[in-house]
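Everything on this sheet refers to the single structure shown next.
The values are calculated or read from the model by the stated rules, or taken from the named source; none is laboratory data. These figures come from a predicted structure and were not determined experimentally. So basically every Cβ, Gly included, is an ideal-geometry build from the backbone, and we count neighbours across all protein chains shown. In case anyone asks, the SASA skips ligands and DNA or RNA and just uses the protein heavy atoms, side chains included. Shrake-Rupley method; radii C 1.70, N 1.55, O 1.52, S 1.80 Å.
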Amino acid sequence: METKGPAAFKYKQEGGSNVLVWVMLISSLIVSFIATANLGPWWLLGLLLPLGIAIHLVREGLRKTLIIAPRYLIVGDGIIYYSTVAKAQLDRRKQVLTLISEKGRRLTIEAEKFPTNARKDFKIKANKTAKFDKVCEKVLGRLSGVTPDIIG
């Protein structure tokens with residue numbers, strides 16, 4: 001029997017910038033330029049570290065995902081376990097699913113944040129709605145398996 005991994009969807013989530021990594025990138029660039037000017041051209045190889053960090057940051061920024069696993073949901077930097085969800089609110093008109101944990105932390109999934117390659121407005125709306133409905137179906141299905149009375 002083959003086990004399936006978690007479902008992953010591309011999702012535009014705000015935040016997630018790590019200030020410490022940016023400070024390290026800028027400081028290593030400055031140190032590399034100073035070392036190159038004072039110690040010779042071989043120190044230009046030191047620019048590979050900041051360049052590697054910059055490439056990693058760009059790739060991480062482009063790879064925002066929403067992951068639906070059997071026991072938890074990850075949206076950007078936020079994670080919520082289905083067993084800790086106290087209430088789930090689904091607003092079909094606004095296309096927003098809000099999960100509220102027992103500690104009061106909110107995790108919101110919005111249809112507008114799903115990327116699409118469509119160019120026409122009606123196709124963009126249809127694609128985002130389809131992805132949102134698919135995600136909501138999976139999340140609410142997992143929640144109803146854990147505690148069926150929290151969906152409101």
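From the list ALA54, ALA69, exactly one residue is modelled with pLDDT under 90, in contact with a Pro (Cβ under 6 Å, 6 or more places away or on another chain) and not polar (S, T, N, Q). Which is it? Don't jump to the end; show me each part of the working.
Working: ALA54 fails: in contact with a Pro (Cβ under 6 Å, 6 or more places away or on another chain).
When all the criteria are applied, what remains is ALA69.
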So, restricting to strands (runs of 3 or more DSSP E) that lie completely within the stretch 67-152, which ones have at least 2 residues that are polar (S, T, N, Q)? 96-101
Can you confirm whether LEU20 is part of a helix (DSSP H, G or I), closer than 30 Å to PHE132 by Cα and modelled with pLDDT under 70? no
Looking at this structure, is LEU97 closer than 22 Å to PRO6 by Cβ, in contact with a Cys (Cβ under 9 Å, 6 or more places away or on another chain) and open to solvent by less than 50 Å² (accessible area, probe 1.4 Å)? yes
Hey, does the stretch 117-127 have a residue that's under 23 Å from PRO6 (Cβ atoms), open to solvent by less than 50 Å² (accessible area, probe 1.4 Å) and at pLDDT 90 or above? no
May I ask you to list pairs of residues, at least six apart or on different chains, whose Cβ atoms are under 8 Å apart, with the first in the stretch 132-143 being within 12 Å of SER83 (Cα to Cα) and the second being open to solvent by 40 Å² or more (accessible area, probe 1.4 Å) and of a type outside the set (A, V, I, L, M, F, W, C)? ARG142/PRO70
Quick check on PHE132: is it open to solvent by 50 Å² or more (accessible area, probe 1.4 Å), modelled with pLDDT of 90 or more and not charged (D, E, K, R)? no
For the structure I just gave you, tell me whether THR147 is at pLDDT 90 or above, open to solvent by less than 70 Å² (accessible area, probe 1.4 Å) and either at negative phi or not small (Gly, Ala, Ser) (or both). no
